[in-house]
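Report on the structure given below.
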Amino acid sequence: MFYFDILYVNLLCVFTLMINIYKLNSMPYPRGYFSIEIIMLVFYFLLSQLRIEFGKIGNRIESRKHILLMLFFTIFSVICNMYFMLAQTYIFKVEFFLQWIAVVFAAIELLLGILATIAFKNLNSE
C-alpha cells in the first residue's frame, strides 16, 4: 500500500503544481493566495513523505511508535487534502477527484495502521 501511495502522492503533487500554475496564468488570483496554496502543497508533500516513511519503518520493524507517528501525520495529511478539495481559491473537478483518491489511500492506511498497532501490541505482549 505504501509503495503505491508514495507514487500517487508524488504524481498528485506534480499535477497539483502544474494545475496551480495554469490557474495562476488563466484566472485572477487575490493577492497572496497563490503563495499560500504553494506553501500548503509543499507542506502536504513533506507530511505525506514523513507519514509514508514512518509507516514503512513501523511495518518493517513492527514498531508501534512508528505506526502511531504515521497515524498522527495521516490526520494532518488528510486535512491538507481537504483544503485542496474544499478551500483553495479555484477548485477543478479533476483536482477534487484526485484529492479524494489520496484521502481514500490515507483512510485505508489509517485503518491498517490501527490494526497493525493492535497486532504489534499482541505480538510484543506474548
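Numbers at a glance
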| item | result |
| --- | --- |
| One residue from Glu109, Glu62, Glu95 being under 21 Å from Met18 (Cβ atoms), acidic (Asp, Glu) and in contact with a helix residue (DSSP H, G or I) (Cβ under 9 Å, 6 or more places away or on another chain) | Glu95 |
| Residue check, Phe120 under 16 Å from the mean Cα position of the chain (by Cα), surrounded by 12 or more Cβ atoms within 10 Å (Cβ to Cβ) and either over 15 Å from Leu12 (Cβ atoms) or modelled with pLDDT under 95 (or both) | no |
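A quick yes/no check of all residues on (1) surrounded by 15 or more Cβ atoms within 10 Å (Cβ to Cβ); (2) at pLDDT 95 or above; (3) over 20 Å from Leu98 (Cα atoms); (4) touching a Phe, Trp or Tyr at 6+ places or on another chain (Cβ under 8 Å):
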position	(1), (2), (3), (4)
Leu24	yes, no, no, yes
Ile52	yes, no, no, yes
Ser63	yes, no, yes, yes
Thr74	yes, no, no, no
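The values are calculated or read from the model by the stated rules, or taken from the named source; none is laboratory data. A quick note: this is a predicted structure, and the numbers were derived from the prediction, not measured. So basically every Cβ, Gly included, is an ideal-geometry build from the backbone, and we count neighbours across all protein chains shown.
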